[in-house]
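**Q** Have a look at this one.
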Amino acid sequence: MEHEVSRAADLVDALDPARRPVIRLRPGRDGRALARGAPWAFADEIALDRRTRRLAPGTIVRLESARGQATGSRPLGTFAFNPRSKIAARRLDDDPEAVIDRSWIARRLAGAARLRDRLFDAPFWRWVHAEGDGLPGVVIDRFGEAAVIQPNAAWAERLLPWFVEVLAEAGIGPVVMNGMSRGRALEGLEERVDLLAGTLDGPVKVPMNGAVYLADLLGGQKTGLYYDQRLNHAFAARLGRDGRMLDVFSHVGGFSLAALAAGAREALAVDASAPALALARTGARESGVAERFRTLRADAFEAMAGLGAEGRRFDLVVADPPAFAPNRAAREAGLRAYEKVARLAAPLVAPGGFLVLCSCSHAVDLEAFRGASLRGIGRAGRRGQLLHTGFAGPDHPQHPHLAETGYLKALFWRLDG
Ligand code: SAH
């Protein structure tokens with residue numbers, strides 16, 4: 001294996017709670033939120049001195065409150081520490097004495113898998129949704145026997161070989177490491193994609209919502225497929241039965257293949273990525289709906305303007321763009337982009353037809369997104385009813401202290417004549 005976990009001596013912080021470094025909150029920080037279960041301590045909350053700054057990124061520590069020797073400090077739990085990150089400490093375990101080893105990782109994975117087994121019929125799901133599943137910064141998507149892992153925090157990068165071993169023991173292989181997410185740079189981690197175990201010959205088939213999708217685990221965006229949209233695909237598919245649908249920002253056809261499988265008469269998928277559209281077409285063949293499926297490789301804004309100019313109308317239009325506002329600095333520009341998507345998409349909806357507008361931007365909350373969408377629809381001269389608001393599916397559980405994990409919003413509108 002390329003990245004061996006180094007010798008046990010280097011892992012004493014993980015394996016031996018008694019010899020683990022202690023980190024304290026700064027005086028004046030009462031740690032109440034942390035005592036209630038908050039998952040993070042930020043760099044400006046922690047007493048950083050020469051000793052703590054020298055700790056290797058990903059060191060397992062005991063976090064304690066700031067109280068002085070006289071009153072005694074209070075342990076807040078076992079945390080992963082990274083002196084280079086704004087999120088300086090991430091909670092691994094409430095128990096300050098927790099041993100962080102392979103079996104600890106295995107227990108977390110098994111608990112997460114039990115939930116998904118209850119939710120879904122086939123083993124194709126987001127297995128670990130980071131803080132929401134008690135494994136901070138770690139995302140794992142399962143594709144049958146294969147898995148893609150994103151170690152987006154230093155501790156997980158450090159213990160990655162253990163994750164791979166635990167996955168192998170659970171019968172999983174191949175295992176792909178996808179290190180392309182934005183979060184890694186903030187942790188001081190480099191970008192890379194690696195096959196860590198097993199072999200892969202081409203994209204994998206994923207049965208979901210009555211369709212078969214193709215996911216390219218090594219070259220794909222994100223981890224290959226957008227599992228977070230599963231329930232929204234299903235709801236849109238219901239609205240699109242026996243109609244014509246337009247799937248803008250389609251990727252591998254998440255919305256269109258589900259709609260076609262549910263009986264949509266025809267679907268046109270628009271995306272800027274030729275490889276994504278090629279996978280969508282293969283998926284359409286595998287799903288037995290290829291003759292009702294078309295793709296258009298184009299910039300989505302130009303394509304929508306062009307279809308509008310031609311007077312084209314669809315019974316269902318879905319627009320699921322990439323995160324236009326991935327951070328706070330991009331919020332205003334992002335809101336303008338969402339408004340523009342709505343303004344260009346609304347005219348393409350036939351009278352009484354449906355419009356689905358999605359946002360996966362952390363920095364744009366539901367209210368702001370609804371406002372931008374409503375302005376866009378209004379500027380297109382349309383009005384409508386808001387039927388339903390969808391979120392990420394339950395294989396993306398939210399940590400109750402982190403609004404950030406509730407990033408995905410899908411607004412389902414029915415537009416008037
Ligand atoms: N709707 C998909 C996920 C979409 S992800 C699903 O449910 O599975 C966003 C997609 O937008 C990506 O496939 C990306 O290639 C595409 N994209 C990004 N910018 C684009 C642009 N300007 N024009 C067209 N497609 C774009």
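The values are calculated or read from the model by the stated rules, or taken from the named source; none is laboratory data. All values derive from a computational prediction rather than experimental measurement. In this analysis, Cβ positions are derived from the backbone assuming ideal geometry, glycine residues included, and neighbour counts consider all displayed protein chains.
**Q** What number of residues within the range 166-180 are in a loop (DSSP other than H, G, I, E, B) and touching a residue at least 60 places away in the same chain (Cβ under 8 Å)?
**A** Of the residues in that region, 1 qualify.
**Q** A further question follows. Which of the following residues is farther than 28 Å from residue 151 by Cα, within 15 Å of the ligand (Cβ to nearest atom), of a type in the set (S, T, N, Q) and at pLDDT 95 or above: 232, 209?
**A** Among 232, 209, only 209 is farther than 28 Å from residue 151 by Cα, within 15 Å of the ligand (Cβ to nearest atom), of a type in the set (S, T, N, Q) and at pLDDT 95 or above.
**Q** When only residues in the range 235-257 that are charged (D, E, K, R) and either assigned to a helix (DSSP H, G or I) or more than 8 Å from the ligand (Cβ to nearest atom) (or both) count, which is surrounded by the most Cβ atoms within 10 Å (Cβ to Cβ)?
**A** Of everything passing the filter in the range 235-257, 244 is surrounded by the most Cβ atoms within 10 Å (Cβ to Cβ).
**Q** Within the range 75-118, work out how many residues are in contact (Cβ under 8 Å) with a residue 24 or more places away in the chain, polar (S, T, N, Q) and in a helix (DSSP H, G or I).
**A** 0
**Q** Then there's this: Determine which single condition residue 201 fails, assuming it passes every other condition in (1) in a strand (DSSP E or B); (2) acidic (Asp, Glu); (3) more than 10 Å from the ligand (Cβ to nearest atom).
**A** With (1) in a strand (DSSP E or B); (2) acidic (Asp, Glu); (3) more than 10 Å from the ligand (Cβ to nearest atom) applied to residue 201, the lone miss is (1).
**Q** Moving on to the next point. Check 231, 260, 214, 225 and return the single one that is outside the structural domain of residue 128 (by TED's automatic domain parsing), surrounded by 23 or more Cβ atoms within 10 Å (Cβ to Cβ) and assigned to a helix (DSSP H, G or I).
**A** Answer to the check: 260.
**Q** Yes or no: the range 369-376 includes at least one residue that is in contact (Cβ under 8 Å) with a residue 40 or more places away in the chain and under 19 Å from residue 226 (Cα atoms).
**A** Checked against the condition, which is being in contact (Cβ under 8 Å) with a residue 40 or more places away in the chain and under 19 Å from residue 226 (Cα atoms), the range 369-376 yields no hits at all.
**Q** Is there a residue being more than 21 Å from residue 416 (Cα to Cα), in contact with a strand residue (DSSP E or B) (Cβ under 7 Å, 6 or more places away or on another chain) and not aliphatic (A, V, I, L, M) anywhere in the range 351-360?
**A** Just the residues of the range 351-360 that are more than 21 Å from residue 416 (Cα to Cα), to begin with: 359-360.
Next, from what is left, pick out any that are in contact with a strand residue (DSSP E or B) (Cβ under 7 Å, 6 or more places away or on another chain): 359.
Subset that is not aliphatic (A, V, I, L, M): 359.
Within the range 351-360, one or more residues are more than 21 Å from residue 416 (Cα to Cα), in contact with a strand residue (DSSP E or B) (Cβ under 7 Å, 6 or more places away or on another chain) and not aliphatic (A, V, I, L, M).
**Q** Follow-up question, since we're still on this one. Within the range 269-358, which helices (runs of 4 or more DSSP H) (wholly inside it) include 2 or more residues that are surrounded by fewer than 19 Cβ atoms within 10 Å (Cβ to Cβ) and within 9 Å of the ligand (Cβ to nearest atom)?
**A** 300-309
**Q** If you go through the range 193-201 one residue at a time, do you hit one that is closer than 22 Å to residue 138 by Cα, buried (at least 23 other Cβ atoms within 10 Å of the Cβ) and touching a Gly at 6+ places or on another chain (Cβ under 6 Å)?
**A** Within the range 193-201 (the criterion being closer than 22 Å to residue 138 by Cα, buried (at least 23 other Cβ atoms within 10 Å of the Cβ) and touching a Gly at 6+ places or on another chain (Cβ under 6 Å)), the answer is no, since none of the residues qualifies.
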